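Data first, discussion second: the structure below is written as structure tokens.
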Amino acid sequence: MSTDPAAYDPRAVESAAQGFWNDTRAFEVGGQSPKPKYYCLSMLPYPSGALHVGHVRNYTISDVISRYQRMCGHNVLQPMGWDAFGLPAENAAIKNATAPAKWTRANIEHMRAQLKTMGYAIDWSREFATCDPDYYVHEQRMFVRLMKKGLAYRRNSVVNWDPVDKTVLANEQVIDGRGWRTGALVEKREIPQWFLKITDYAQELLDGLDTLDGWPDSVKTMQRNWIGRSEGLEIRFDVDGEDEPVTVYTTRPDTLMGVTFLSIAGEHPLAVKAARDNPALAAFLEELRRGGVSEAELEAQEKRGMATGQWAIHPVTGEDVPIYVANFVLMNYGTGAVMAVPAHDQRDWEFAKAYGLPVRPVIVPDGVRDALREVGHDVEADADPFQAALSGGTVDAFDTGAAVSMVRDYLDAIQQEGAFTGRGTLVNSGEYSGLDFDASFDALARRFEADGRGARKVNFRLRDWGVSRQRYWGCPIPVIYCEKCGALPVPEEQLPVLLPEDVADAFSNPGVVHSPIKSDPEWRKATCPQCGGPAERETDTFDTFMESSWYYARYTSPGAKDMVDARADHWLPVDQYIGGVEHAILHLLYFRFYHKLLRDQGLVKSDEPATNLLTQGMVVAETYYRESGDGRREWINPADVDVQRDERGHVAGAMLRADGKPVHIGGIEKMSKSKNNGVDPQAMVDRYGADTVRLFSMFASPPTLSLEWNEAGVEGMARFLRRFWREVQQHVAQPDHPEVDASALDAGQKALRRQLHETIQKVGDDYGRRHSFNTAIAALMELLNHVAKFNDMSDQGRAVRHEVLQAMVLLLNPVTPHVCHALWQALGHTETLLEDQPFPQADPAALVRDLVTLAVQVNGKLRGTIEVAPDWPRDAVEAAALAEPHVAKFIGDGQVRKVIVVPGKIVNIVVVA
Ligand code: ANZ
Ligand code: ZN
């Protein structure tokens, strides 16, 4: 560090500012304030052990918005907490033979200290960790209430079972079908699990998206697709020799006459029945049971199936169609049975081709319909000739010509290339031929509703939320099992069901037990709340999405007896929510669902938890490697590499600092352990100070795009702050100056002042409306360049410089609050909280550019004058000249031939009578 007392010393500056904020409890907010509230929330971090740059980016965005909104007169709440339950703590416990609770709490201590060095304007008085019994007790109480309302229920569901460790694995613990620890082949097992009925809210969750104008469209689209509303018909097909019909769900009733078989799920009762005396089918069903369960897995699989030997009767034609079991039919969607239309559904097409089933086209696109009409085929009436043509695969009936080849091509493509899945006109469909999608849908719905064979049906892709996890480190599910009375909620007055934390012993012997509560008979022991007899506790714990679904509400009501109290309606909804786009679907859907649960418990009044959402981009960095003897890449951390850059800042070469020899450059990748390209933000803060790191993370890219971390960029930010610091110090070393007298400024002074006020306007808009922090900072950098070149030492010159520097301190404060805190005092103020200073407002008078007067001539004679700014474009000057009242009068009915603009001097209008 420099010995010059006036030099910028980030460490001293930052600890002084943070000390001041702490001592004055600057960012603790009460509810009582005449100011309007603003709730700025970042997704709460998982306490993994150390802050990473993704956190730094997320929390800096949120801090800039918070400080800015407070300067704009809001009472701002910016809280912080810890998403403390979850699997990594158990893995760490096994590795270090420690208790997950201990590991987690130590991480929280460390990360809190790291966050504090970043100087975020957080109300730390509201902090909590989701593993605190004071927190999760409310979650248990909510669950108990949901059980009583029927919104929480238990049913069997499939899990990944590791047969060696005898434990359930999370999806991410299954690698290529094997257990991550044992390498054993993972089995699918059905066990009872708890679910929350999010499907009851499917329509509301969908409709609510239309009210979220402040959410990115991409997120809303992902949520819409996930909810997956579809409108269709349920249609009953009788089965030969069976009492029970098969009901299918279809969104394409218009294709009904193209059905050539039915496909049903392996778990469908009809399949199970058929397998009883069909060993080959039984074996096939068993194979399906072991296979993947997710929709994505099914989609990727080869389409496979087996005939059940049963036949269904087509409800319109009475034709027999075979019933197949197919691996792509899900039991838990629709009815678990599908009417297969190979001509118009690609999966059915692939299946039909594989099993030699007929492909019967019944829909034609508009072009083909028109071609048919052209060759004299009456789509509506002439069902027969067309049917003949189609089933024979020939269109000889229609003779020659382009129209015919179009029809022929269409039919050939369907037989040979794949299904036509678009909508169109029905053909080959008896009385329905000639109808379009909507008309045939309505006609068939009416027909089946009348004869009791079917009904309109809305389905959602959304499934109920499975909240059971078979692991220890989570919130215990508050349920008691009694042999006589069944599954009962733990009585509210007995809550919380505490998770024992002192369990290091259980984790010192990996492979024996993974859940200390499952293996502890004492813990499991309970008394039935209904009959008083002996009973057992549930030993599963909640999915950690449970805790992260309502934390935002708890922050509003610290210490509340229930989940939240009346303060929740003061603060909610969240005004600005910020987090990673990887949470666009599940977390944000559960978060919205939970808000509606809170509302329906009478705990909050609003319908949605957050009005605005910002999803920040990833942090990426260059990768470096060397090849080892066997050709494997050994990745080298960017911190250990010296980089040469070309004049555009791109990496041109690199060498390992330790040996001075070159390393390969592997390209820019998302920061990750596997590529060893993570940057430790703490090391950056230690080297440059928090303000520089904050500034870099806001300047290097717009918040929603990916941010490339590079140390050269960080250094550039440090240089900027040093220059800013020096500029202020040099200025305050000058003699005192008078106030700015706007009427006494010369052109240079006016120009600098105008730039200041333009910058004020831009920065406010960039911070507040556009969230375009990088362009705000760029404008401030440019302003600093101008101040640095402004050598005017006159009284008014120093006065203008003062105005500029003082405003810059306020404008930069949301991004680099520590240095601004210090410079504010250097500029002659006492130590105060900058967030209580109003955010600078542009002075409209200062924005006005000096106007120049132009003479306007009509045919060479002076007829008027206009005032224009020097930067007006030519057409604006022309328009002003033509509109000048005297000029307009002299032009009268004449025709304007030409307008000549001599910039800064004269406008000449040539008019002919
Ligand atoms: C006949 C048909 C013809 C279909 C056609 C599509 C195209 P969405 O929109 O997602 O709701 N389906 C129904 N239940 C299914 C299940 N359990 N597993 C797999 N597929 C199932 O999809 C509805 C369509 O998906 C339904 O409409 C059905 O196939 C299939 F040219 O019925 B369709
Ligand atoms: Zn009982």
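The values are calculated or read from the model by the stated rules, or taken from the named source; none is laboratory data. Since the structure is predicted, the reported quantities are computational estimates derived from the model, not experimental observations. Methodologically, a virtual Cβ is constructed for each residue, glycine included, from the backbone with ideal geometry; neighbour enumeration extends over all protein chains shown. Ligands, DNA and RNA are excluded from the accessible area calculation, which covers all protein heavy atoms including side chains. Shrake-Rupley method; radii C 1.70, N 1.55, O 1.52, S 1.80 Å.
Observations
- Inter-part distance where region 820-870 and region 759-777 are each reduced to a Cα centre, Å: 18
- Pair residue 487, residue 439: separation of 7 Å Cα→Cβ label points (nm): 5.1
- Computed over region 567-721, Kirkwood Rh from alpha-carbon pairs, angstrom: 18.6
- ³J(HN,Hα) computed for each position of region 164-170 - Karplus, 6.51 cos²θ - 1.76 cosθ + 1.60, integer Hz, glycine/proline x: 7, 6, 6, 9, 7, 10, 6
- Loop-located GluC sites (Glu not before Pro) in region 647-727 (DSSP state other than H, G, I, E, B) with a sparse environment of at most 11 neighbouring Cβ atoms within 10 Å: 647.
- Under 24 Å from the Cα of residue 889 - lysines, other chains or at least 8 residues apart: 861, 898, 905
- Per residue Cα convex hull volume in Å³ - calculated over region 648-747: 210
- When you filter the trypsin sites (Lys or Arg not before Pro) in region 760-855 for DSSP loop state and at most 14 other Cβ atoms inside 10 Å of their Cβ, you are left with 849.
- Per DSSP, loop GluC sites (Glu not before Pro) in region 415-506 with at most 11 further Cβ within 10 Å: 417, 483
- Computed on the Cα atoms alone, the convex hull of region 530-636 gives a volume of 217 cubic angstrom per residue.
- Size descriptors for region 815-854, from the alpha-carbon set: Rg then Dmax equal 16.3, 51 Å.
- Region 243-347 gives an Rg/Rh value of 0.95, both radii derived from C-alpha positions and Rh following Kirkwood.
- The chain, relative contact order in percent, only Cα pairs under 8 angstrom and at least six apart counted: 14
- Backbone geometry of region 417-427 corresponds, through the Karplus equation with coefficients 6.51, -1.76 and 1.60 at θ = phi - 60°, to 3J(HN,Hα) couplings of 9, x, 5, 9, 9, x, 8, x, 9, 6, 10 Hz, x marking Gly and Pro.
- Relative contact order, whole percent, for region 430-575 stands at 23, derived from Cα pairs under 8 Å and 6 or more residues apart.
- Per residue, the accessible area of the chain comes to 44 Å², computed with a 1.4 Å probe over protein heavy atoms only.
- Size descriptors for region 413-471: radius of gyration and Dmax over Cα atoms are 18.7, 59 Å.
- Share, in percent, of DSSP beta bridges within region 609-747 that are antiparallel, nearest 5: 85
- Normalising the average separation of contacting C-alpha pairs (under 8 angstrom, six or more residues apart) by the number of residues puts the relative contact order of region 40-153 at 32 percent.
- Under the Debye formula (equal points on every Cα, no solvent term), log10 I(q)/I(0) of region 97-183 at q = 0.26 Å⁻¹: -1.15
- With N as its number of residues, region 418-512 has a Cα radius of gyration that, divided by 2.2 N^0.38 Å, comes to 2.24.
- Sorted largest first, the principal axis extents computed over the alpha-carbon atoms of the chain equal 105, 95, 66 Å.
- Subset of 197/273; 750/789; 95/116; 102/670; 116/673; 149/188 violating a 19 Å alpha-carbon distance limit: 197/273; 95/116; 102/670; 116/673; 149/188
- Both radii are taken from the alpha-carbon atoms of region 164-210; with Rh as the Kirkwood radius, Rg/Rh is 1.25.
- Computed Rg/Rh of region 39-122, alpha carbon atoms with Kirkwood Rh: 1.07
- Scalar couplings 3J(HN,Hα) for region 747-763, obtained by applying the Karplus form with A = 6.51, B = -1.76, C = 1.60 to θ = phi - 60°, are 4, x, 5, 4, 5, 5, 5, 5, 4, 4, 6, 5, 5, 4, 4, 5, 5 Hz; x denotes Gly and Pro.
- Percent accessible area from carbon and sulfur atoms, region 735-815, protein chains only, probe 1.4 Å: 49
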